[in-house]
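Since the structure comes first, as structure tokens, the remarks are kept for the end.
The values are calculated or read from the model by the stated rules, or taken from the named source; none is laboratory data. Just so it is clear, the model here is predicted, and its values are computed rather than measured. Please note: Cβ atoms are built from the backbone with ideal geometry, for glycine as well, and neighbour counts cover all protein chains shown. In case anyone asks, the SASA skips ligands and DNA or RNA and just uses the protein heavy atoms, side chains included. Shrake-Rupley method; radii C 1.70, N 1.55, O 1.52, S 1.80 Å.
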Amino acid sequence: MNITRMTKPLRRLITSIALILSIAISSGCSESTREQPTGKGEVRGINSIVDAPELSFQIEERTQGIISFREATGLNNWDDLSYNFNFDLLRPGIIDPDRIATQLIDVIADTEYTLILTGSLDNASIIVWEDPDREWSGTETVWEAIFTHLSPQLGQVDVYFAAPGTTPILGGSIGTLVNGERLPIIEYEQGQYELILTPPGDPSTILFISSSITAVPENRSIFAIFDPDPTLPGPIPVSLIGENGTSINIADPNFSATVRLLHASFATENVDGYFNLDFNNLIFPNVGHKEISAYADIANAFTSVNLTAVGNAGADILSGDILTVAGTKRTLVLAGEPGNVFFNVLLEDGRPVSAFPIIRVANFALNYDFVDVYIEEPGTDINDAQPRFFALSTQLDTGFVPAIDGIRELTITDVFSKDAISVPITLDLSAGDVISIGIFDTVDPLVIEAFVYDAQ
């Protein structure tokens, strides 16, 4: 009995001492090996692959932003430790993302890192810039610019950056760029500037000229040349990328906005289209229901569009002012019903990507306020499926979104219903496709029609 009473306390004491020693040793090892941050650096990602869809830019497995071609994340602060930064692709219908590229960065305090994804989705690489942070006092009148060339399709260029109206002269460029390169950071005073690109040593040949750029002090901006983007007029897109991740297309005034006309008003007759009451210059000839015209240049931000009966400019069907933005493509939609027609506008920003097809569904029908849209494998019972697009309202669209490739069947029902109100249509979808689908009224007010009105 005495031995037993003495053994239990002793056993507890030994166990407690062992536990304390274990914790102390573990804690001591942890403290001796764990890195201690001394400051913070800043990191951002840029996607420069022309046929890449939206990608996730991540630190380790934590998402920092979703960026498409010509887009960037903002600069994010991170402790001066080591991290893997990743570009990931999420494919429709697949849970696990594809890792496109990874870059290990030993972040240094007070340093700015820019990671640029380049190459192709199948063979991507990352360009890394490392720049010292610029601390602003709040009283400076200057700003900083970085000029970079990220277009494998474009050759060498000379870069001119000066006050608007300055004529490029031989020897007057701020530098020459080739794909993958950048110029050193340059400091400028606040004010108005104009960016011009020319072939090397040939200042008289203008490849690109910007509209006037208003530069504000105390910021560092990137001027990035990218591959041609089919959603933009003009051969050379240039983006202005801010520290917060904003990416603005810098329009070349030599390539104005473009507009086309889609007729989506059931029972409204065919129309001719004119700009600014200039009835001697027919822009959109004889456009009928479900038909779409060719693109036309539109020079002014505010433009009057006049639709008339075919061959009779005096028979007005619809006139109205539309607002366009330089360097964009838009579809002007004649919508509504006879006697009560109106204009709807769609931005044409659907860019072909190599990973999957892209589709957009626009609801131009008036006989149903909301519809559900199913896109399934042929033979699928929609009673066992969920709508791909739920409660799509009349005169709204889905925007361009990823789709699964292969043969698909599109069916439309009234909202919350599983009864089809359209004849299903078959879609043969492949990576690189950009498909625009319209929903139109028919002669039967209970039946609507889905129709592919544009495919590229």
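Computed from backbone phi with θ = phi - 60° and the Karplus coefficients 6.51, -1.76 and 1.60, the 3J(HN,Hα) list for region 41-54 is x, 10, 9, 9, x, 10, 9, 10, 8, 5, 9, 8, x, 4 Hz; x is used for glycine and proline.
Between F85 and E60, Q103, L104, I105, the built amide H atoms are under 5 Å apart, and every one of these is 5 or more places off in sequence or on another chain. Multiplying each eigenvalue of the alpha-carbon gyration tensor of region 285-363 by 5 and taking the square root yields semi-axes of 26, 16, 12 Å, largest first, rounded to whole angstroms. Can you tell me the orientation of helix 2-33 relative to the chain, as the angle in degrees between its alpha-carbon axis and the longest Cα principal axis, to the nearest 10? Helix 2-33 sits roughly 50 degrees off the main axis of the chain.
Length available on full extension from T303 to N383: 0.36 nm per residue minus the Cα-Cα distance, which gives 24.1 nm.
Once the Cβ-Cβ distance between S212 and I174 is put in as r, and R0 is 25 Å, what FRET efficiency do you end up with, to the nearest 0.05? For S212 and I174, the calculated efficiency is 0.90. Taking the inverse of the mean 1/r over every pair of distinct Cα atoms in the chain gives a Kirkwood hydrodynamic radius of 26.2 Å.
Viscosity 1.567 mPa s, temperature 4 °C: what is the translational diffusion coefficient of region 38-177 from Stokes-Einstein with a Kirkwood Rh over Cα pairs, rounded to a whole number of µm²/s? Answer from the Stokes-Einstein relation: 76 µm²/s.
With the contact rule set at Cα under 8 Å and sequence spacing of 6 or more, what percent relative contact order holds for region 82-157?
Value for region 82-157: 21 percent.
If you wrap a convex hull around the Cα atoms of region 216-267, how much volume per residue is inside, in Å³?
138
Of the peptides 390-398, 50-58, 251-259, the order by per-residue mean of other Cβ atoms within 10 Å, starting with the highest, comes out as 50-58, 251-259, 390-398. In sequence order, region 82-94 has phi-based couplings of 9, 9, 8, 9, 10, 10, 10, 10, 9, 8, x, x, 10 Hz under the Karplus curve 6.51 cos²θ - 1.76 cosθ + 1.60, θ = phi - 60°, and Gly or Pro positions carry x.
Each Lys and Arg adds +1 at its Cβ and each Asp and Glu adds -1 at its Cβ; summed about the Cα centre, the chain shows a dipole of about 1540 debye. Taken along the Cα-to-beta-carbon direction at a fixed 7 Å, the label points for V447 and A313 span 4.1 nm. In the chain, taking the dipole from charged Cβ atoms about the Cα centre, the farthest positive-side position among I241, P37, V415 is held by P37. Surface composition of the chain: carbon plus sulfur atoms contribute 53% of the solvent-accessible area (1.4 Å probe, protein chains only, all chains present). If you wrap the tightest convex hull around every Cα atom of region 341-451 and split its volume per residue, you get 91 Å³.
Can you give the FRET efficiency for E189 and T102, using 1/(1 + (r/R0)^6), R0 = 35 Å, r = Cβ-Cβ distance, to the nearest 0.05?
The value I calculate is 0.30.
Amide H contacts for E112 (H built 1.01 Å from N in the peptide plane; partners 5 or more residues away or on another chain; cut-off under 5 Å): E42, D131, D133.
Phi angles across region 164-178 convert, under the Karplus curve 6.51 cos²θ - 1.76 cosθ + 1.60 with θ = phi - 60°, into 3J(HN,Hα) values of x, x, 6, 7, x, 10, 4, x, x, 6, 8, x, 10, 10, 10 Hz, Gly and Pro given as x. Once backbone amide H atoms are built at 1.01 Å from N, A257 has I298, G327, T328 as its partners under 5 Å, excluding neighbours fewer than 5 places away on the same chain.
In plain terms, if you count all Cα to Cα distances in region 247-304 and split them into 10 Å steps from zero, the share in each step is 21, 44, 26, 9, 0 percent.
What region 346-456 shows is 43 Å² of accessible area per residue, with the surface traced by a 1.4 Å probe over protein heavy atoms. At a probe radius of 1.4 angstrom, the accessible area of region 173-311 per residue rounds to 42 square angstrom. Sorting 218-225, 412-419, 176-183 by average packing, meaning the other beta carbons within 10 Å per residue, from highest down gives 218-225, 176-183, 412-419.
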